[in-house]
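Engineer: Below is one structure. I have some questions about it.
The values are calculated or read from the model by the stated rules, or taken from the named source; none is laboratory data. Everything quoted here is computed from the prediction, not taken from an experiment. As a convention, Cβ positions derive from the backbone with ideal geometry for all residues, glycine included, and neighbour counts pool all protein chains shown. For accessibility, only protein heavy atoms count, side chains too; no ligands or nucleic acids. Shrake-Rupley method; radii C 1.70, N 1.55, O 1.52, S 1.80 Å.
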Amino acid sequence: MPEHEPRRPSSRPLGRGDLRLLLLSLISQAPRHGYELIQQISEMFVRVYTPSAGSVYPLLADFEARRWVRAEEDGGRRRYHITALGQAQLKRSQADVDDALLRARHSARVITKSNLPPPVRDAMRQLTHALMLRHGRWQGADVERIVAVLEQATALVRQPAQAP
């Protein structure tokens, strides 16, 4: 049997069948509404990609038809629970689920980086390079000083944009 190799990431945020795998995996973690699933996928992509209801709800209907999930009414909405058949399917597809998660993380990083202003991207690259040049040779005072600077930079990035 050939060794399992993950597919290479493409320019699409998700590969063929990835949304199906990610949805089933999320439902296996906890019962969820369709809207919650859409929001969770969007969070995986730092909100730069959100699957449409038109792509999610047909998959949930297919999961129900295959008896991988069951839906219950919950305040006028449907909450999806994984079934034993769904768990078995997920177990059979675990390597594919892991690959889909890896592709999703990679795509989210690529999309996010491509939306950064070029000077910010360059500064990040320079910082990463400088950190790697240390080769693990760190002194306590250096660590504290660098952590303080990075925490300060993080706080600046998190601040709302200033109006011109």
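Engineer: What trypsin sites (Lys or Arg not before Pro) in the range 43-79 are in a loop by DSSP, with at most 13 other Cβ atoms within 10 Å of the Cβ? Each step should come with its number before you reach the end.
Structural biologist: Working: sites: ARG47, ARG66, ARG67, ARG70, ARG77, ARG78, ARG79; in loops: ARG47, ARG66, ARG67.
When the trypsin sites (Lys or Arg not before Pro) of the range 43-79 are filtered for loop state and at most 13 Cβ neighbours within 10 Å, ARG47, ARG66, ARG67 remain.
Engineer: Continuing with this model, one more query. Using the basic label-point model (7 angstrom from Cα toward the beta carbon), what is the ARG125 to GLU72 distance in nanometres?
Structural biologist: 5.3 nm
Engineer: Once the Cα atoms of helix 118-133 and of the chain are each reduced to a long axis, what angle between those two axes, in degrees from 0 to 90 to the nearest 10, is obtained?
Structural biologist: Helix 118-133 and the main axis of the chain meet at about 80 degrees.
Engineer: Which whole-number percent is the relative contact order of the chain (Cα, under 8 Å, 6+ apart)? Before the final figure, lay out the partial values.
Structural biologist: Working: 126 pairs, mean separation 43.6, N = 164.
Over the chain, the number comes to 27 percent.
Engineer: In the Gaussian network model of the chain, springs joining C-alpha atoms below 10 Å, which of GLU144, GLU64, GLU43 carries the largest mean-square fluctuation?
Structural biologist: In the Gaussian network model the winner is GLU144.
Engineer: For the chain, modelled as a GNM with alpha-carbon contacts under 10 angstrom, which of LEU19, LEU60, LEU85 fluctuates the most?
Structural biologist: Of LEU19, LEU60, LEU85, the most mobile in the Gaussian network model is LEU85.
Engineer: Using just the C-alpha positions of the range 60-111 as equal point scatterers, what log10 of I(q)/I(0) does the Debye formula give at each q in 0.13, 0.15, 0.25 1/Å?
Structural biologist: Normalising to I(0) and taking log10 leaves -0.46, -0.57, -0.88.
Engineer: What is the helix-to-structure angle for 53-65, meaning the angle in degrees between its Cα long axis and the longest Cα principal axis of the chain, kept from 0 to 90 and rounded to the nearest 10?
Structural biologist: Tilt of helix 53-65: around 50 degrees.
Engineer: Compute the Cα gyration tensor for the range 112-161, then decide on rounded, prolate or oblate, letting a ≥ b ≥ c be the square roots of its eigenvalues: rounded whenever a/c is under 1.5, prolate when a/b is larger than b/c in the other cases, and oblate in all that remain.
Structural biologist: Numbers: a/c = 3.90, a/b = 1.46, b/c = 2.67.
Since a/c reaches 1.5 but b/c is at least a/b, the shape of the range 112-161 is classed as oblate.
Engineer: If you count only protein heavy atoms with a 1.4 Å probe, what accessible area per residue comes out for the range 20-159, rounded to a whole Å²?
Structural biologist: On the way: 9030 Å² over 140 residues.
Ligands and nucleic acids excluded, the result is 65 Å² per residue.
Engineer: Please compute the contact order of the range 35-97 in relative form: average sequence separation of alpha-carbon pairs under 8 Å and at least six residues apart, divided by the residue count, as a percent. Could you put the intermediate results ahead of the total?
Structural biologist: On the way: 47 pairs, mean separation 12.1, N = 63.
Relative contact order, the range 35-97: 19 percent.
Engineer: A further question follows. 5 Å is the cut-off here: which amide hydrogens, built 1.01 Å from N in the peptide plane, fall below it relative to HIS33, excluding neighbours closer than 5 in sequence?
Structural biologist: So HIS33 has HN proximity to TYR80.
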